[in-house]
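A quick write-up on the structure given underneath.
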Amino acid sequence: MNAATIAPEIDRLVWAVNFRARDHEVDYSVLEDVGLSADAFGTLNNLVPFLDDLDEPLVYRRYTYRPPEVLAAFIEDIIAAGVVTKHGEQLVPTPIMAPVRADLLRAIRGAARHFWSAYDVAEVSQMARTVLDASPAHYRLAQAGIKSPEPEDPHHRLHQRLAGLRLLRNESHVSAWKKHGLEPRDVEVLTATFSGTETQSSPTPTDLLIERGYVNNDLVTAEGLAVRQAIEDATNEGVAEAFATVDLHAFLAGLRELPPEAP
């Protein structure tokens, strides 16, 4: 067993809490009061653990797969709303951010407790923290998450730790595909075939993938799948040492005990 076996369980639990917070817990009037749209929830919510040490490079690193122009517009929006001020590359929270941050934290806490309040999550949460503490030093997102203040509520704390593990794996994944000279869109196309992932629109092969022979007649070739497998293997290798600090079978069993079922 390796970290790839555990990744879907971590994804399942983090997404469930995030979607519950988005659809049922967050008070969107708090965002509206500072001039932000409801669309800002997801992005801001994922940046809350980093707000005390936030800068533009971290935003772009956190959202590697989003178009840069979309992230630039988001940064402009939060500056215009007055929730952060810009000092060089630093994005410093202002007092206006305080009620927004408080409500985002309340929403995630409420969603986590909705699913897990009847469960003792101490053991699985500690295993998540043990893995995070062993994260490679060059994975900045994971390291920033480790340094962030942790919630007092144990269920909220578990969610934050699991979200940190998703970032750990994502950083390893990005490092892996960058070594192949690929861009985010290239990886999305290869991944859609590799994992059978359904996308909102049919992935369009990029010029780079066609030139390299990874795609032919809109189909991913054997060579393309081999490259994607190599990326997957390197991703697992990049987090192997951190996950070796816990009993993976016990960790997986603990995660699988927690609701909800995968949608």
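Suppose we filter region 86-132 for residues that are of a type in the set (S, T, N, Q) and either in contact with a Phe, Trp or Tyr (Cβ under 6 Å, 6 or more places away or on another chain) or over 24 Å from V26 (Cβ atoms) (or both); how many remain? Can you show your working first?
Initial filter on region 86-132 (of a type in the set (S, T, N, Q)): 90, 94, 117, 125-126, 130.
Of the ones still in play, those that are also either in contact with a Phe, Trp or Tyr (Cβ under 6 Å, 6 or more places away or on another chain) or over 24 Å from V26 (Cβ atoms) (or both) are 90, 126, 130.
Qualifying residue count for the region: 3.
Need the failing condition index for E25 against (1) of a type in the set (D, E, K, R); (2) more than 14 Å from P99 (Cβ to Cβ); (3) exposed (fewer than 14 other Cβ atoms within 10 Å of the Cβ), just the number.
(3)
Can you run down the residue pairs with Cβ atoms below 7 Å, 6 or more apart or on separate chains, where the first is in region 74-88 and not in a helix (DSSP H, G or I) and the partner is not β-branched (V, I, T)?
If the second residue must be not β-branched (V, I, T), the pairs left are A81/G35; A81/L36; V83/P93; V83/M97; V84/L91; V84/P93; V84/M97.
Being buried (at least 22 other Cβ atoms within 10 Å of the Cβ), under 30 Å from E188 (Cβ atoms) and not hydrophobic (A, V, I, L, M, F, W, C), is that true of even one residue in region 151-158? Don't jump to the end; show me each part of the working.
Here is the first cut: in region 151-158, the residues buried (at least 22 other Cβ atoms within 10 Å of the Cβ) are 155, 158.
Then keep just the ones that are under 30 Å from E188 (Cβ atoms); that gives 158.
Add one more test, that the residue is not hydrophobic (A, V, I, L, M, F, W, C), and what stays is none.
Taking every residue of region 151-158 in turn, none turns out to be buried (at least 22 other Cβ atoms within 10 Å of the Cβ), under 30 Å from E188 (Cβ atoms) and not hydrophobic (A, V, I, L, M, F, W, C).
On the given criteria, is T43 in contact (Cβ under 8 Å) with a residue 40 or more places away in the chain and either touching a helix residue (DSSP H, G or I) at 6+ places or on another chain (Cβ under 9 Å) or not basic (K, R) (or both)? Steps first, please.
On the way: in contact (Cβ under 8 Å) with a residue 40 or more places away in the chain: no; either touching a helix residue (DSSP H, G or I) at 6+ places or on another chain (Cβ under 9 Å) or not basic (K, R) (or both): yes.
So T43 fails the test.
Could you list, in sequence order, the residues of region 224-245 that are surrounded by fewer than 20 Cβ atoms within 10 Å (Cβ to Cβ) and among the β-branched types (V, I, T)?
We begin by selecting, within region 224-245, every residue surrounded by fewer than 20 Cβ atoms within 10 Å (Cβ to Cβ); these are 225-226, 229-230, 232-234, 236-237, 240-241, 244-245.
Of everything in region 224-245, just one residue is surrounded by fewer than 20 Cβ atoms within 10 Å (Cβ to Cβ) and among the β-branched types (V, I, T), namely T245.
Residues in region 1-56 that are in a loop (DSSP other than H, G, I, E, B), within 24 Å of V70 (Cβ to Cβ) and modelled with pLDDT of 95 or more: how many?
Filtering region 1-56 down to residues in a loop (DSSP other than H, G, I, E, B) leaves 1-2, 26-27, 34-39, 54.
Next cut, within 24 Å of V70 (Cβ to Cβ) only: 26, 34-39, 54.
Right, trim to modelled with pLDDT of 95 or more and you get 26.
Selection size over region 1-56: 1.
Looking only at region 97-117, decide whether some residue is assigned to a loop (DSSP other than H, G, I, E, B) and buried (at least 16 other Cβ atoms within 10 Å of the Cβ).
Of region 97-117, the ones assigned to a loop (DSSP other than H, G, I, E, B) are 117.
Filter once more, so that each one left must be buried (at least 16 other Cβ atoms within 10 Å of the Cβ): none.
So far as region 97-117 goes, no, none of its residues is assigned to a loop (DSSP other than H, G, I, E, B) and buried (at least 16 other Cβ atoms within 10 Å of the Cβ).
Would you check if V227 is at pLDDT 90 or above and β-branched (V, I, T)? Lay out the reasoning, then the answer.
Numbers: at pLDDT 90 or above: yes; β-branched (V, I, T): yes.
When the stated conditions are applied, V227 passes them.
Just give me the residues in region 119-133 being over 15 Å from G254 (Cβ atoms) and either surrounded by fewer than 17 Cβ atoms within 10 Å (Cβ to Cβ) or touching a strand residue (DSSP E or B) at 6+ places or on another chain (Cβ under 8 Å) (or both), in sequence order.
Of the residues in region 119-133, the ones over 15 Å from G254 (Cβ atoms) are 132-133.
If the condition is that a residue be over 15 Å from G254 (Cβ atoms) and either surrounded by fewer than 17 Cβ atoms within 10 Å (Cβ to Cβ) or touching a strand residue (DSSP E or B) at 6+ places or on another chain (Cβ under 8 Å) (or both), then D133 is the only one that fits.
Okay, residues lined up against (1) free of Cβ contacts under 8 Å to residues at least 40 places away in the same chain; (2) among the β-branched types (V, I, T); (3) closer than 24 Å to A112 by Cα; (4) out of contact with any Phe, Trp or Tyr (no Cβ under 6 Å at 6 or more places or on another chain):
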| position | (1), (2), (3), (4) |
| --- | --- |
| E152 | yes, no, yes, yes |
| S175 | no, no, no, yes |
| Q229 | yes, no, no, yes |
| A242 | no, no, no, yes |
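I'd like the full set of residues that are free of Cβ contacts under 8 Å to residues at least 60 places away in the same chain, more than 24 Å from R106 (Cα to Cα) and within 13 Å of the chain's Cα centre (by Cα), limited to region 48-62.
Correct list: Y60 only.
Considering only residues of region 176-206 that are in a loop (DSSP other than H, G, I, E, B) and closer than 16 Å to N216 by Cα, which is modelled with the lowest pLDDT? Walk me through how you get there before you give the answer.
Taking region 176-206 as the starting set, the residues that turn out to be in a loop (DSSP other than H, G, I, E, B) are 179-183, 196-206.
Restricting the remaining residues to those that are closer than 16 Å to N216 by Cα gives 202-206.
Details: S202: 54, P203: 66, T204: 82, P205: 86, T206: 89.
Among those residues, the one meeting the criterion is S202.
What single numbered condition from (1) at pLDDT 95 or above; (2) closer than 23 Å to E188 by Cα; (3) in contact with a Leu (Cβ under 7 Å, 6 or more places away or on another chain) fails to hold for R61?
Of the numbered conditions (1) at pLDDT 95 or above; (2) closer than 23 Å to E188 by Cα; (3) in contact with a Leu (Cβ under 7 Å, 6 or more places away or on another chain), the odd one out for R61 is (1).
Being more than 30 Å from G254 (Cβ to Cβ) and basic (K, R) is the filter; apply it to region 159-194 and report the residue that is surrounded by the fewest Cβ atoms within 10 Å (Cβ to Cβ).
K179
The values are calculated or read from the model by the stated rules, or taken from the named source; none is laboratory data. A quick note: this is a predicted structure, and the numbers were derived from the prediction, not measured. Counting neighbours? That spans all protein chains shown, and the Cβs are built from the backbone with ideal geometry, glycine included.
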